[in-house]
Amino acid sequence: MSKKATFLLPLNLSLAPFLLVLIYHLLSCVSVHGVQEKKILSLHNNIWSPRKSNEAPSSCFSHNLGKGRESSTTLEMKHREICSGKTIDWGKKLRRALTLDNLRVQSLQLKIKAMSSSTTESISEAQTPLTSGMKLQTLNYIVTVDLGGRNMTLIVDTGSDLTWVQCQPCKSCYNQQGPLYNPSVSSSYKTVFCNSSTCQDLVEATGNSGLCGGNNGVDKTTCDYVVNYGDGSYTRGDLGSESIQLGDTKIESFVFGCGRSNKGLFGGASGLMGLGRSSVSLVSQTMKNFNGVFSYCLPSLENVASGSLSFGDDYKNSTSVSYTPLVQNPQLSSFYVLNLTGASIGGVELESSSFGRGILIDSGTVITRLPPSIYKAVKTEFLKQFSGFPSAPRYSILDTCFNLTSYEDVSIPTIKMIFQGNAELEVDVTGVFYFVKPDASLVCLALASLSYENEVGIIGNYQQKNQRVIYDTKQEKLGIAGENCSF
């Protein structure tokens with residue numbers, strides 16, 4: 001039988017206070033509040049101060065990042081503001097973004113309620129013959145594609161279905177960088193006629209009727225579309241088909257909207273890339289090419305990096321991917337819905353009766369919206385762990401704010417979202433705080449509460465930064481993996 005050896009060391013009583021302090025700090029590192037699960041955020045190493053981009057406006061054109069296997073291709077993804085070539089007042093820009101983001105989410109919740117109503121009414125052409133459900137002002141990420149031989153910069157939106165660009169002749173168009181698409185000079189452009197099956201598929205996919213009615217007794221020949229957004233932005237035009245090149249992959253007869261009258265805060269982009277789930281989306285139209293799989297890695301705005309948008313299952317990632325099923329919800333058939341089963345702050349698991357419900361994941365919404373009971377649990381635990389810092393007044397939708405001007409960096413608790421199948425999204429350290437003021441005098445927790453418990457939550461792009469998010473529409477699953485989205 002072995003014996004334990006015991007050593008008695010003489011204690012220098014003069015060291016006792018030091019030892020007590022040391023023991024206290026060691027114990028605090030493994031406290032119930034999970035202090036060990038914190039990350040350091042630098043408060044002043046960013047581009048929030050007014051600046052002028054070093055890139056010329058033409059740098060908005062992103063590049064092909066290479067072709068993997070035969071059934072995959074990757075495009076460079078940039079943040080819209082970085083490549084604008086304009087002097088940016090970040091304080092004004094960031095505060096304005098919150099206001100518009102709030103209007104956008106309110107518009108989405110109204111649409112969901114209308115879809116859930118037992119009364120189904122025909123939607124007139126003047127309202128929303130083609131409904132996106134998402135407004136465009138805060139869709140901050142763009143890619144470049146070749147449409148009929150011309151480069152077009154498109155805002156990436158998983159909450160929209162139709163891809164569209166501004167076209168000549170244009171009755172009313174906003175200013176964009178680069179020339180408008182001109183179908184008359186393209187030999188591969190074809191008009192989509194009103195009586196075609198393609199136009200009928202559009203009507204079926206959007207649940208709208210009357211696109212072929214005609215005016216003043218004159219029958220329509222083109223397949224017209226209208227997309228109205230909650231902030232008054234819109235695009236109106238006619239459907240056409242054209243060859244589109246995504247990296248090294250060329251798609252023939254791609255159906256898109258040729259916008260003849262467009263208004264809104266689209267940031268100088270040529271149009272929008274619809275990555276929703278209906279039959280008119282780019283994902284559905286390229287099913288044979290990419291098997292219904294696409295993924296993106298949204299770069300952090302702070303380090304002026306570029307991310308990537310990949311089609312197909314051959315994408316850059318060095319970490320393991322965890323998958324969660326896409327929830328089938330007929331009322332939200334064109335959106336990507338996940339089952340949020342839990343969350344943790346600094347390693348402390350939260351409790352809420354609203355876990356186990358559907359939540360949208362979207363590339364366009366900025367700030368994540370949570371049901372009130374979940375948000376309350378998040379806020380309470382976050383304030384327990386992030387204590388001792390000067391508080392600041394709430395701003396817009398953000399109600400957990402601090403004045404951190406006197407700090408160079410801070411240690412902040414990790415935030416994790418857990419989904420069905422134990423898939424996990426750990427929010428990047430740059431996605432925890434939103435800088436309402438660039439000097440850090442007003443920095444807020446970048447999460448917000450919905451108004452009502454029965455509203456649908458949304459995972460915004462601010463919390464998706466530096467993550468590879470994989471949409472597999474054929475296998476009906478979504479993958480998540482941490483990734484440094486710098487190219």
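For SER270, all conditions in the list (1) under 26 Å from the mean Cα position of the chain (by Cα); (2) at pLDDT 95 or above hold save one; what is the number of the exception?
Unmet for SER270, out of (1) under 26 Å from the mean Cα position of the chain (by Cα); (2) at pLDDT 95 or above: (2).
If you scan segment 155-190, which residues turn out to be open to solvent by 60 Å² or more (accessible area, probe 1.4 Å) and either touching a Pro at 6+ places or on another chain (Cβ under 8 Å) or not aliphatic (A, V, I, L, M) (or both)?
Those that are open to solvent by 60 Å² or more (accessible area, probe 1.4 Å) and either touching a Pro at 6+ places or on another chain (Cβ under 8 Å) or not aliphatic (A, V, I, L, M) (or both): GLN168, PRO169, LYS171, ASN175, PRO179, SER184, SER187, LYS190.
Could you look through segment 222-261, keep only residues that are aromatic (Phe, Trp, Tyr) and modelled with pLDDT of 90 or more, and pick out the one that is surrounded by the most Cβ atoms within 10 Å (Cβ to Cβ)?
Ranking the candidates gives PHE256 first.
In this structure, is VAL366 under 24 Å from GLY342 (Cα atoms), assigned to a loop (DSSP other than H, G, I, E, B) and open to solvent by less than 50 Å² (accessible area, probe 1.4 Å)?
In short, yes.
Can you find a residue in segment 452-468 that is in contact with a helix residue (DSSP H, G or I) (Cβ under 7 Å, 6 or more places away or on another chain) and of a type in the set (Phe, Trp, Tyr)?
yes
Considering only residues that are open to solvent by 20 Å² or more (accessible area, probe 1.4 Å) and either among the charged types (D, E, K, R) or without any contact (Cβ under 8 Å) to a residue 12 or more places away in the chain (or both), which ones fall in segment 376-398?
Answer for segment 376-398, where residues must be open to solvent by 20 Å² or more (accessible area, probe 1.4 Å) and either among the charged types (D, E, K, R) or without any contact (Cβ under 8 Å) to a residue 12 or more places away in the chain (or both): LYS376, LYS379, THR380, LYS384, SER387, GLY388, ARG394.
Has segment 345-358 got any residue that is more than 30 Å from LEU383 (Cβ to Cβ), open to solvent by less than 30 Å² (accessible area, probe 1.4 Å) and either at pLDDT 90 or above or of a type in the set (A, V, I, L, M) (or both)?
No, because not a single residue in segment 345-358 is more than 30 Å from LEU383 (Cβ to Cβ), open to solvent by less than 30 Å² (accessible area, probe 1.4 Å) and either at pLDDT 90 or above or of a type in the set (A, V, I, L, M) (or both).
Select from segment 451-463 the residues that are of a type in the set (A, V, I, L, M, F, W, C) and open to solvent by less than 10 Å² (accessible area, probe 1.4 Å) and write down the one among them that is farthest from LEU41 (Cα to Cα).
In this case the residue turns out to be ILE458.
Take the residues of segment 399-426 that are under 20 Å from LEU338 (Cβ atoms) and open to solvent by 60 Å² or more (accessible area, probe 1.4 Å): which is nearest to the chain's Cα centre (by Cα)?
In this case the residue turns out to be GLU424.
Out of curiosity, is PHE335 at negative phi, part of a loop (DSSP other than H, G, I, E, B) and not aliphatic (A, V, I, L, M)?
In short, yes.
If I filter segment 427-447 for residues that are more than 24 Å from ILE40 (Cα to Cα) and surrounded by fewer than 23 Cβ atoms within 10 Å (Cβ to Cβ), do I get at least one hit?
No, because not a single residue in segment 427-447 is more than 24 Å from ILE40 (Cα to Cα) and surrounded by fewer than 23 Cβ atoms within 10 Å (Cβ to Cβ).
The values are calculated or read from the model by the stated rules, or taken from the named source; none is laboratory data. Keep in mind that this is a model prediction, so the values were computed, not measured. A quick note on method: Cβ atoms are made from the backbone with ideal geometry, for glycine too, and the neighbour counts reach across all protein chains shown. Remember, those area values only see protein heavy atoms, side chains included, never the ligands or the DNA or RNA. Shrake-Rupley method; radii C 1.70, N 1.55, O 1.52, S 1.80 Å.
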